[in-house]
Each structure stands twice: as structure tokens, then as C-alpha cells.
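The values are calculated or read from the model by the stated rules, or taken from the named source; none is laboratory data. Keep in mind the model is a prediction, meaning the values are calculated, not measured. Note that each Cβ is placed from the backbone with ideal geometry, even for glycine, and that neighbours are counted across all protein chains shown.
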Amino acid sequence: MNFTLKIWRQKNAVAKGEMVTYAVSEISPDSSFFEMLDALNQQLITSGGDPVAFDHDCREGICGTCSLYINGRPHGPLKGVTTCQLHMRSFKDGDTIHIEPWRAKAFPIIRDLIVDRSALDKIIQAGGYVSVHTGGVPDANTIPVPHEKAESAMDAAACIGCGACVAACSNAAAMLFVGAKVSHLALLPQGKVEAAKRVQKMVACMDELGFGNCSNTYACEAECPKGISVVNIARMNRQFLAANLLSEREKVVNISL
Amino acid sequence: MNLLLSSFSSLTNKVLMALAGLFLVTFLGVHLGINLLLLNNDGGRAFTAAASFMGTNSIIKVFEIVLFAGFLLHIILGMMVSGQNKAARPSTYVVSNHSATAPFSKYMFHTGIIVFLFLLLHFFDFYFIKIGLVAPPDGIASHDFYSRTLLLFSTPWYSLLYIVCFVALGIHLNHAIQSAFQTLGLNHSKYMDAVKVIGSVYSLLITVGFSIVPLFILFYRH
Amino acid sequence: MTRLNARIPEGSVANKWTNYKSACKLVNPNNKRKLDIIVVGTGLAGASAAASLGELGYKVKVFCYQDTPRRAHSIAAQGGINAAKNYPNDGDSVYRLFYDTIKGGDYRAREANVYRLAEVSNQIIDLCVAQGVPFAREYGGLLANRSFGGAQVSRTFYARGQTGQQLLLGAYSALSRQIALGNVTMFNRRDVLDTVLVDGKARGIITRNLVTGEIERHAAHAVVLASGGYGNVFFLSTNAMGSNVTPIWSAYKKGAMFANPSFTQIHPTCIPVHGDAQSKLTLMSESLRNDGRIWVPAKKSDVEKLRNQTIKPSDIPEADRDYYLERRYPAFGNLVPRDVASRAAKERCDAGFGVGRTGMAVFLDFADAIKRKGHDTIDKLYGNLFQMYEQIVADNPYETPMMIYPAVHYTMGGLWVDYDLMTTVPGLFALGECNFSDHGANRLGASALMQGLADGYFILPYTIGNYLAAEIHTPRFNPDATEFNFAAQAVTARLKQMKGSSGKESVDTFHRRLGKIMWEYCGMARNNDGLTNALSMIAELRHDYAKGVCIPGGLDEYNPELEKACRVADFIELGELMVRDAQQRKESCGGHFREEFQTNEGEALRNDDDFAFVAAWEYQGAETAAALYREALQFDEIKLSQRCYK
């Protein structure tokens, strides 16, 4: 198969970027999207050109590294797959394919198609955990979790942190990412203890990092490669409301030994 | 007020917008009820009675302030949040987004602007006349909403503009109602489908209901 | 021989760890604050170690090449994690898990380490549940278990087909908490290119900032390597594209011994190679073998017809199918261990019975299972795997049998470590897949996750204290010291030299060549002639690489080709060591199958008299062959026997 590629090239974070046109030929329909880009890079290297930089790692749809915005959609035309699981048979021979990086204020471009998504780490650092230490925890079976709750928590926990939700959102909002983590932990008894503080801290961090707000277009859900539902955003909203309305004024306790 | 609102969290802003929005949605229902009295073939008696009740009752007077506050809050927040959302993606995509979205949900700001402009027009046509800011047209008393309505709707372009605005409002509401439930965290697997259907039906009723009046006056009364 | 002291504590195997914990030296909290530790890698082992050390109060620096610690390749583990909880009441115990692991590893692992692994396995599950890992649950709300290859009990805990992901996210969240508290500093997008020794002790690392290209120095009182496996030496493997040997290879060159480098696990159920453009292989969960039947045509004429597409697989009558695993191993059938299943597939394909375009595939057929259990049940059990397969291959496994072929999956070899998980370089520790310690010559399913977390959460926090207790008077190191300057200059010089090559071919071209050599001669079956041949081919490749590689871009910018170039240079050197190790081990055991050493029926033939040892290699310089040291394996608890699955 032959393709015309229009790819965003940008030397570094401050340089001006532009779309550059390339042609690739004799691509097997069984090739993955990245194998097609490998072929392009191979071609560029041997002809003395500058290979295209893109993020990829596991190439089996679970690490969340890959992040291409293909023909106006994060991870390309198929539903429920990451870029690395997209195969060239999903395109027509002779197609022109536009490839861009994720675009958001919170995801500055590093080079070409690579963006810096450490903002998502910062949100997790703000509270996306249960504060337990290694050791000193009860036996696993002393905390029963209803089957359905465990399943819903797993649905939310399936997030791979790729940022497609942010890329798809017309407001570059991270609501689905944050909602998924808040939901995962709030649904489990282990996470309930800190649920109120967690949602407040994570939302505050998300706002600070410059993500947009939610206008409930649900593009995030449509593009999430793991099919995470916007029900999780509603749950986060609910948690947030309850946390703010029902929490008590914070007491300052001085502990002196 | 802007400073205060921008100090709120994104979610707080959204919740306030949703609550104000839902309040405005109920107000629209009441307004529609009164407007439909125009269809009554009684020379505007029922309509005028209702209008003067709304204009003089002291409880309603208090609610009027709440209503203005609701409008203001919803509009200011809408503008502010839209601004923030734009800022969240300073460099836009070369190929615009093709992701599947909830129907018309991407156009809330646009439809909102149309409704806002209509609201201004509406104020010039009625409210500002009533409170004496704008002089009424010749031969119509400042509190005579009935005659004023007949006069306006007898102009076809005005009726058309009016209907277009209500179509925009309907589109706005179709997404707004279920969106408000989602924002308030009331997305529940059992009830959300019903909320969506009821929301769509309600917004259709609002558009159709308000649009009947000018059509009725234009074709039937004239 | 004296160089290798495993420092195994006294006492019976069941008491060793308890004795150790009672006797090991501790570091006072005030002193912990003054001690720096570097952790390389953020997979299960690295992230759990960094989080636990941070909790203890040490000052920790963590490094990973990915853009965030959450992407380490532990995330791709599907099946589950073993623990000796015995929740199903089916007779499991710490001893039995220990026994199964030793036996599964074909008696080439150290008893004391494996017993400790089984012992702490239960604590891992407790901790992960407390962290909020959403393990599968029974309807009563308690934890569910499933069975896995190589065991007769159900001891595997799982979170759908994403157990590795969920465990890693648990460790990542604990790590994130420590980062927020300021105990751990995270350095992402960094390649670790060298280990720095000061007075014979590991005191730091040299890294390359992958975004800016800057060569950075980091100093600490101890260095912990948890950089994962080196399966990418085969080019095609189920590892992530970035998985590499470089951190442990640099440690090897600084004096840490490399143990059993040739022990590689080839996983039987992967999606076959589609063509030359292939960049990586995808694993299908081993659980598929619970219901699928593996076969190839019994007649060569049918193989031909399949390839010409004149018949479909379903057209071949039962009588003309060769269910070779059921035929050769009637007792275990399709559920024989990974190494056995992989070799059997290779045997059939080599004999010319392989299917698919390349002839390098066998059928995994669900037709019987669908008939027996119904479409819906099969869909519930394997629906997501079937979808994944269809996505990649564009074939519907409900209608036509899947095609599978073995692929490199895990490397049991790695840096040699003692009971403290310390390498032969004092202060340099190795955890998880990058050490050699627990899986012998073959790893059982669901044991890798267990080992990574055991090392990081429950073992290293004790053993590193034992080492650091003597370091409390050592002041913080200055990364501008001579040793660091020297190492940084060496790294820069190496990069410049590589970049200076005036070649024309891409790094990948050479990597593919290396992969073909390794797969052909040091893969599923090895023999002396082939290995000798491989040695000269690798030497030639090494020569060609130095001259012929083309690396575009600059040193001081984001340059993925340069990253790959460093990794592949190390893979080529490692390849040579693997071949030497395979050649030296004149027996067949686990994943290491020497064609000269097999039973009359073609099964692996161990030689316990001469080869019950760990082969630890010491670097002797670029032009000299590595020196071999042997750590004799003593089996006090378990009687050695021939593995039999017939």
C-alpha cells in the first residue's frame, strides 16, 4: 500500500512547527501504524534526512506511551485501540494521513509528535493513592469488596494514562483521567477513608496545571482506548460536591512531643 | 464578582452554572405557560392578568431578582469558562477534531451567545419599556404587553428571528439538561437514559411552544 | 570460586529469612535522612523499592527512560501473581510454592532465595489490596484465584487480563505519594549509561537526559538496578521497544558478575511474525491453552494446500490433524510448561508442518471448546484476547483457528546477586528481572510479578539497611569528584565515537541482524556448532556496526536513534556472552535446550553432576573473553528429579 503522510515537525519546545509531506510505499496492510512510521524513518535515515520523533514503547496497547492525533482523532479512526494497535489495513491505499501531536497547554511539545505529559503524574502525586505503608496492613481477605464494586473499580482503573481524553476534548480537559482515578479509589473500601481529601486535592492540582473545564461533550469517552465511561466524571463531581458541602472546617492540631 | 468566580475550582464553577441553568430551565416553563395564554381567544385578558400578576406580586418581585442573578451568573460563568477552555489549548490542531460527541454539545457557547443576544432584544422590547428605560411605541401603554406582542409578531422577519432564536435555545437545552445532571454528579446507570429523553422532550416543547405563538399570531390572528 | 559468596544465613530453609531479619543491622531514622539511594527503573521492582525506601526515610532518586514511571514494561504482564495464601483450601503452602518454583526452574535456582520469595508472597497480596489494587473478587466479596501452568493448586491472583498493569499502578501510586512528600525525586526520560565506583563501591550513575542530551552525574551511597530483562537482544520479543540491557551491562563492565545470561524464556503463545517489517511480538495469555487445542496438519500435502489457500483449516479431517502436544504428553497435553510447549512447536515447524504464510506457526483451535462450552462461555473467558487477535491478524478466531508461534518473553539470567540482592560490586543491588536469582532455567507463569514486588517491597528494604548501616559516617558524595568526571567523559567519548561513524545503515538494520543470529543459534534449541558459528557472526557484526552505523541528529538534542545505538551496541556484546554461556553449559535444562543433550524421546536431559551451578561471568576487558565463576547449587530441601509431563 502507498500513503501520503502529512506530519507535524517541530525541532524543540520553542521552535515553530509545521506540517511536512512525505510519501511511503510498499507498506504491508498487516503492518502496524508504527511499523509504517518505522519504514518512513528508515527511508529518512538512509537518505540523510531527519527521522520523525514519536512516542511509543510496548506496542501492545497497554503502556499508554503512544500518542498520535491521526486525521483529527486521537489514536486514529478505530474505536477502543491505541495508536500502536492500529494497522494499515484500516486505511485505504493511496490515503493521505495527517499526523499531529496531542495539543494542550498542559502538554507542551518536546519534539515533532512527542509531548510532555508529566502533568498527569503531578495530578496523581496530588492524591491519587491510598496512604498506606509497606508492611503493617491487614490480611487481604479482611477487606471484603462486593464483586460489582470491584468490577466498576477495575473499569476505572484500566486507564493507561495516555492522555487521549485531553487530546480529544475541545477544552483540553483532563476530567476523564482524574475522574477515573477518583472513581477507582472511591469505589473501594480501602480508598474511601481519604476519598474527600483526594478529590479536592486532585481537582485543585488539575486546575492549576491549566487543563480546561468539562462541557460534557463526551469526546473523551468516545476516544478512550480503554472505553472508560464518563460516569466516572459524574462520580468525581458528586464526590467533589459532597466533599466540599459536608466536610468540616479543618482543625489545626499541634503535636509536640 | 469575576474575581470571586475565577477563584473557584473548575468543578465549583460548573456546578454553579448547572444550578443556575436548571433554575432558568424551570423559569422557561413558567414563561411558556404564560405565553401560551396568548392563544386564548379572549382579547388578551388572561395573558394580561397573568402578566400583571407577575409584574406586581411581591414574592414574584423577589424571584425576579433571583432570576436576574441566575441569568447573570450563568452568562458570566459561561463566558469565563469558555475563555479558560480556549486558553487550555493555545495552539490548535491543523485538522479539526473528528471525535464523536454528544449532539450539538460543542456548540453550547455559540447557541448561548444567540440566546444572550435574544435576551437583550427581549429586554429592549419589553422589560426596559416596562421600567421606563425605553419609550414604548406610539399608542401602546408601557405595561401593555399584549398589544406590544401582537405588534411585534405581526412583522414576519421579527417572528422568523424569534423562532430561529428558540431553535437555538432548544439545541442549547437539549444538551444542557442532561449535562447539568452529569455535572451535578447525577449520572446514574438506571436513570440517565430517562433524564436524556426527558431533557430532549422538554427542550423540544420549549422550542415548539414558544414558536407556536408568533406563527399563530402571524397566520391566524392577522 | 572465592569471589562468589552468596552469604546465605544459617538455619533451616524455613528459618533463614526470619533469622536474617532478626540479626541484620538497622539504620536509625536520623541517619536514613543522610543516606542517598539511586534506583534505576520504575517497574514493579524499581517502583516498589523506591516507594518503600522513601517511606523508610532514605533520600531516593529514581530514573526511568519512559516519560513517566507508570509505563515500565511490568505493565504488560497479563495473567496474574502467585501467592501461597491457600484461600481456595486446595493444599497450597509456602513450601509448595517454593517447591513448584524450584522444580519449574529445572533445579537451577538457589533454594534459600526461592524459599524467601514464597514466604513473602502473601504479604504482597495484603499490601496490594490495601493500596487499592482491584483484584478479581468472588460474589461474597473475597479474593478470587485461578490456576496457572506448572502448579496443581489455584494460587494466582489476578485483575482481569491486566494484573501487571494494576500492580504497577499500585506501586506507582505509592511512589507518587513519596515523590509528593519529597522523599523521592523522579528523573524521567533518562538513559542510565554508566555506573560509577568510588573505592570499589557503587556510588553513582551517569545518565543522559533524553530530552536535552545533557550528560548528568548522580551520586548516592548505594545504587539499586531494577532495569528489567534483556529479551530485546533477539530484536523481536514481547518486550517493550525501549527495554534494554544497558544499565546492567554498564555494571557488568564495572565488575558486577553476570549470571546465566543464556537462560531465556520462550513463550509458546504469541502472534506469529507477519513479515520483515515486524517490529515487535505480541503475547497472548497462556490461559488460552486451558481450552484451545494445538495442532498442525499431519500430511505435508495439506500444509501445501493451506498455504495456497485451496483449503481452509476446518476442511482438514480429524484423522489428518496432528495434536502433537496431546500425542507426546498425554498426561499434561496442551498444558505442558512453556519451554516444553515452545520446543514442540518449533520441532513441528522445522519438520515442515508449520502453517501460515511463513510456515512458522501452529494452530490453536477453539472449535471443540466452543462446541463443548458454548460460544458465550468462551466469549466471557477469552473475548478480549480474541478481539486483540482479530485486531492484529484480521482473522476471527471463532471461525478459523488462531495461529501462534513461540517468542522471546523473559530472561531468567541477569546480574549475579547474593542473598542480600547485592551484586559482586559492594553497594550495587539488582532487583526483579535484571537479577538472576529466583527462576532458575525456566520461570513459571505469574511468578515474575511476585518476584519484582517481593524484591522491592519486602526484601531490599531490609538488606540495603544491612549494607548502609556501615555507611552512616560516609558524607554525601560530590558528583564532581574525579571518578564521576572520568565516567562522564568516557560516556561522552563513547557517544561521540558512535556518532562519528560514517556508516550508511540504520541502527535497526544491525539490531535485526543480531536478532536473527541469536534466534537461530541461541534461541529455542542450541548446539555446539551453531553456537561456534554464532560467535564469529557476532564478532563480524560488531565490527560492521562500529563502521557502518548511521546515527542522524545531534548529541545535545532529543535523538531516539542515538538512544537505540547505545542499546544495540550493548546488546551485541551481551549476545556474545549469551552464546558463550550457552556453549559452556553442556546439558539441557529449562529454557536452555542443547540438542546434543536430550533423551531418546527428545526431552531435555539435565546433568546435575556437572552443571548444578550458577554460571557467573566476569568482564575482562573488551578484547578478552569473560571469565567464568561457578556458584555450586546445594539442594538440602528438595530432591532433584527429571521433570516429566507425560
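Of all the residues in the range C:628-646, those that are among the acidic types (Asp, Glu) and out of contact with any Lys or Arg (no Cβ under 9 Å at 6 or more places or on another chain) number 2. Annotation: of all residues in the range A:145-173 being touching a residue at least 40 places away in the same chain (Cβ under 8 Å) and facing chain C (nearest Cβ under 7 Å), the one that is farthest from residue A:70 (Cα to Cα) is A:145. Residue A:53 is checked against (1) at positive phi; (2) in contact (Cβ under 8 Å) with a residue 24 or more places away in the chain and fails just one. What number does that condition carry? Going through the list (1) at positive phi; (2) in contact (Cβ under 8 Å) with a residue 24 or more places away in the chain, residue A:53 breaks only (1).
For the range A:127-143, the tally of residues that are more than 7 Å from every other protein chain (Cβ to nearest Cβ) and in contact with a helix residue (DSSP H, G or I) (Cβ under 6 Å, 6 or more places away or on another chain) stands at 1. Scanning the range C:131-163 for residues that are crowded, with 20+ Cβ neighbours inside 10 Å, small (Gly, Ala, Ser) and facing another protein chain (nearest Cβ under 8 Å) yields C:132, C:159. Going through C:346, C:371 one at a time, which residue ends up being more than 30 Å from residue C:433 (Cβ to Cβ) and of a type outside the set (S, T, N, Q)? Only one candidate passes the filter, namely C:371.
Could we say that residue A:62 is within 27 Å of residue C:552 (Cβ to Cβ), in the same structural domain as residue A:17 (by TED's automatic domain parsing) and of a type outside the set (Lys, Arg) here? The answer is no for residue A:62. Within the range C:586-614, being over 22 Å from residue C:340 (Cβ atoms) and touching a Phe, Trp or Tyr at 6+ places or on another chain (Cβ under 8 Å) holds for one residue alone: C:614.
Being in a loop (DSSP other than H, G, I, E, B) and over 20 Å from residue C:563 (Cα atoms) is the filter here, so list the residues in the range C:198-219 that pass it. Walk me through how you get there before you give the answer.
Keep residues of the range C:198-219 that are in a loop (DSSP other than H, G, I, E, B), which gives C:199-200, C:210-214.
Matches in the range C:198-219: C:199, C:200.
Table: residues versus (1) within 12 Å of chain A (Cβ to nearest Cβ); (2) within 30 Å of residue C:184 (Cβ to Cβ); (3) touching a Ser or Thr at 6+ places or on another chain (Cβ under 7 Å).
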| residue | (1), (2), (3) |
| --- | --- |
| C:65 | yes, yes, no |
| C:71 | yes, yes, yes |
| C:80 | no, yes, yes |
| C:84 | no, no, yes |
| C:90 | no, no, yes |
| C:98 | no, no, no |
| C:108 | no, no, no |
| C:111 | no, no, no |
| C:114 | no, yes, yes |
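Just to be sure I understand, how many residues within the range A:177-224 are part of a helix (DSSP H, G or I) and touching a residue at least 12 places away in the same chain (Cβ under 8 Å)? Here the count works out to 30. Scanning the range C:7-53 for residues that are within 22 Å of the chain's Cα centre (by Cα) and either outside any helix (DSSP H, G or I) or modelled with pLDDT under 95 (or both) turns up C:38, C:39, C:40, C:41, C:42, C:43. Restricting the range A:8-49 to residues that are in contact (Cβ under 8 Å) with a residue 40 or more places away in the chain and farther than 25 Å from residue C:394 by Cβ, the residue that is surrounded by the most Cβ atoms within 10 Å (Cβ to Cβ) is A:8. Counting only residues that are within 14 Å of chain A (Cβ to nearest Cβ) and of a type in the set (A, V, I, L, M), which one in the range B:1-21 is surrounded by the most Cβ atoms within 10 Å (Cβ to Cβ)? Here the residue is B:11. Of the listed requirements (1) within 12 Å of the chain's Cα centre (by Cα); (2) within 14 Å of chain C (Cβ to nearest Cβ), residue A:201 misses just one: (1).
When the residues of the range B:199-222 are filtered to those that are in contact with a Phe, Trp or Tyr (Cβ under 6 Å, 6 or more places away or on another chain) and not aliphatic (A, V, I, L, M), which remaining residue is surrounded by the most Cβ atoms within 10 Å (Cβ to Cβ)? Only one residue fits best here, namely B:214. Taken residue by residue, the range C:104-121 has at least one member that is touching a residue at least 60 places away in the same chain (Cβ under 8 Å), assigned to a helix (DSSP H, G or I), within 17 Å of residue C:146 (Cα to Cα) and in contact with a strand residue (DSSP E or B) (Cβ under 7 Å, 6 or more places away or on another chain). Within the range C:605-646, the set of residues being acidic (Asp, Glu), crowded, with 16+ Cβ neighbours inside 10 Å and in a loop (DSSP other than H, G, I, E, B) comprises C:637 only.
For residue A:251, are the conditions met, namely being assigned to a loop (DSSP other than H, G, I, E, B) and either more than 9 Å from chain B (Cβ to nearest Cβ) or among the hydroxyl-bearing types (Ser, Thr, Tyr) (or both)? Answer is yes for this residue. Before we move on, is residue A:27 more than 7 Å from chain C (Cβ to nearest Cβ), farther than 24 Å from residue C:552 by Cα and of a type in the set (Val, Ile, Thr)? So residue A:27 does not fit the description; no. Which of the residues spanning the range B:95-136 are among the small types (Gly, Ala, Ser), more than 9 Å from every other protein chain (Cβ to nearest Cβ) and under 16 Å from residue B:177 (Cα atoms)? Once the filter is applied, which keeps residues that are among the small types (Gly, Ala, Ser), more than 9 Å from every other protein chain (Cβ to nearest Cβ) and under 16 Å from residue B:177 (Cα atoms), the range B:95-136 yields only B:112.
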